[in-house]
Amino acid sequence: MDVGLRGKRALVCAASKGLGRACAMALAREGAAVTITARTAETLEATAADIRAATGVSVTTVAGDITTEAGRAAALAACPDPDILINNAGGPPPGDFRDWDRDIWIKALDANMLTPIFLIRSVVDGMIARKFGRIVNITSGSVKSPIPTLGMSNGARAGLTGFVAGLSRQVARHNVTINNLLPGPFLTDRLRGNAAAAAAEAGKPVDELLAERARSSPAGRVGDPAEFGDACVFLCSANAGFIVGQNLLLDGGAFNATMG
Ligand code: NAP
C-alpha cells in the first residue's frame with residue numbers, strides 16, 4: 001500500500017536511538033526525507049548513515065538538546081516546514097515525589113510537555129496552509145496507567161495529552177492531525193537501563209528480569225522498536241486524516257480493559 005509519504009519532509013526529534021530512531025527509519029522507508037535530532041553527534045551521524053544506507057532518502061542531522069530553545073531553533077532551521085513532526089525526548093527519571101523540587105519538575109515539564117507544544121506552535125500554521133500535517137507525540141503507557149515511580153512522567157505527559165486533545169480538534173479540518181503513541185515496554189537502551197537498575201535492586205540478573213517482564217505480558221514479549229515505527233507510519237499516512245486526537249497504546253495487551 002502506498003501510504004502517500006513519498007517526498008514529504010519529516011522532523012523526528014530525539015531519534016538517534018530507540019523509538020525515535022525507529023520512527024525515522026520507518027518514515028524514510030516510505031520515502032519521506034527525514035531530519036533527525038539528538039544531543040550526541042556521534043550516534044546521530046551513525047544513525048543517519050544507517051537510514052541513508054537502508055532507504056536512500058535524504059537525512060539531515062541536527063545535534064542539540066531539543067528541550068532547549070536553542071535546540072528547537074536549530075531543528076527548525078534545518079527543517080523549517082515539516083509535513084510530519086514526531087515529538088520525542090528522553091523521559092524523566094524515577095523517584096519519590098518528596099525529593100523533587102520546582103527545578104526538577106520544570107525540567108520534566110520542559111521535556112515532556114512544553115517542548116512538544118512549542119514545536120507544534122512553530123509548525124502547525126504552515127501545515128494548515130499546505131493542507132497536510134501529521135503530528136505524533138511519543139508519550140507513554142503511563143498516561144493511561146500511571147507508573148508509581150515515574151510521577152513526573154505521569155504528570156507531564158498527561159498535561160501534553162490534555163492540551164493535544166483540544167488542539168487536535170481545532171486543526172483537523174485542515175487535514176492536520178495530532179495523535180499520541182503510547183509505548184509500553186519496548187526493547188531500547190532506556191528499557192535496558194531501567195531494567196538493569198531494577199535488577200540490581202532486586203539482586204537478580206537483568207536478563208532474568210527482562211524475561212519475567214516478557215512472560216507477564218499478554219503478548220509474551222516486549223515490543224520491537226520497528227513495530228513502533230510502523231505504527232508511526234500508519235498515523236502519518238495520507239490515509240489517516242480522520243484519526244484525530246487519539247491515544248494509541250502499544251503494550252502487547254498489558255493494559256487490561258474491555259475498551260481503551
Ligand atoms: P532511548 O533508547 O534512550 O533513546 C532516546 C533517544 O532520545 C536517543 O536518541 C537520545 O540521544 C535522544 N534524546 C534524549 N534526550 C534528548 C534531548 N533532550 N534532546 C534531543 N535528543 C534527546 O529511549 P526510548 O526508549 O526510545 O524512549 C523514548 C521516549 O519514550 C522517552 O521519553 C521514554 O521515556 C518513552 N518511553 C519509552 C518506553 C520504552 O519501553 N522504551 C516506554 C514508555 C515510554 P542523546 O542521548 O544523544 O540525546
From the Cα centre of region 66-84 to that of region 11-57, the distance in Å is 15 Å
Suppose R0 equals 35 Å. What FRET efficiency, 1/(1 + (r/R0)^6) with r the Cβ-Cβ distance, do Ala219 and Val244 give to the nearest 0.05? 0.80
Sequence-distant aspartates and glutamates (8 or more away, or on other chains) whose Cα lies within less than 18 Å of Lys131: Asp81, Asp83
Once the Cα atoms of helix 225-236 and of the chain are each reduced to a long axis, what angle between those two axes, in degrees from 0 to 90 to the nearest 10, is obtained? 40 degrees
Could you give me the ³J(HN,Hα) list for region 141-148, computed from phi with Karplus coefficients 6.51, -1.76, 1.60 and θ = phi - 60°, whole Hz, x at Gly and Pro? x, 5, 5, 8, 9, x, 9, x
Between Ala211 and Trp100, 0.36 nm times their residue separation minus their Cα-Cα distance comes to what? 36.8 nm
Taking R0 as 51 Å and r as the Cβ-Cβ distance between Lys131 and Ala202, the FRET efficiency 1/(1 + (r/R0)^6), rounded to the nearest 0.05, comes to 0.45
What do you get for the angle between helix 189-202 and the principal long axis of the chain? Use alpha-carbon atoms, 0 to 90 degrees, nearest ten. 10 degrees
So for region 73-139, Kirkwood radius off the Cα pairs, Stokes-Einstein at 20 °C and 1.002 mPa s: how many µm² s⁻¹? 160 µm²/s
Cβ-isolated cysteines (cut-off 4.7 Å), the chain: Cys13, Cys79, Cys236
Taking a 1.4 Å probe, which of Thr40, Thr68, Thr258 shows the most accessible area, and what order do the others take after it? Thr258, Thr40, Thr68
At 7 Å along the Cα-to-beta-carbon direction for both Arg169 and Thr68, put a label point, then send me their distance in nm to one decimal. 3.8 nm
Please give the helix 115-130 orientation as an angle from the longest Cα principal axis of the chain, in degrees from 0 to 90, rounded to the nearest 10. 30 degrees
Principal axis dimensions, largest first and in whole angstrom, of the chain by Cα: 54, 41, 39
When you count, for each residue, the other Cβ atoms within 10 Å and take the mean per peptide, how do 114-126, 209-221, 77-89 rank with the highest first? 77-89, 114-126, 209-221
What accessible surface, in Å², does a 1.4 Å probe find on Arg130, ignoring ligands, DNA and RNA and rounding to the nearest 10? 90 Å²
Where in region 190-213 is the amide nitrogen less than 18 Å from a point lying 7 Å along the Cα-to-Cβ axis of Thr40? 190-197
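The values are calculated or read from the model by the stated rules, or taken from the named source; none is laboratory data. Since this is a predicted model, take the numbers as computed values, not measurements. Counting neighbours? That spans all protein chains shown, and the Cβs are built from the backbone with ideal geometry, glycine included. Just so you know, the surface numbers come from the protein's heavy atoms only, side chains and all, with ligands and any DNA or RNA stripped out. Shrake-Rupley method; radii C 1.70, N 1.55, O 1.52, S 1.80 Å.
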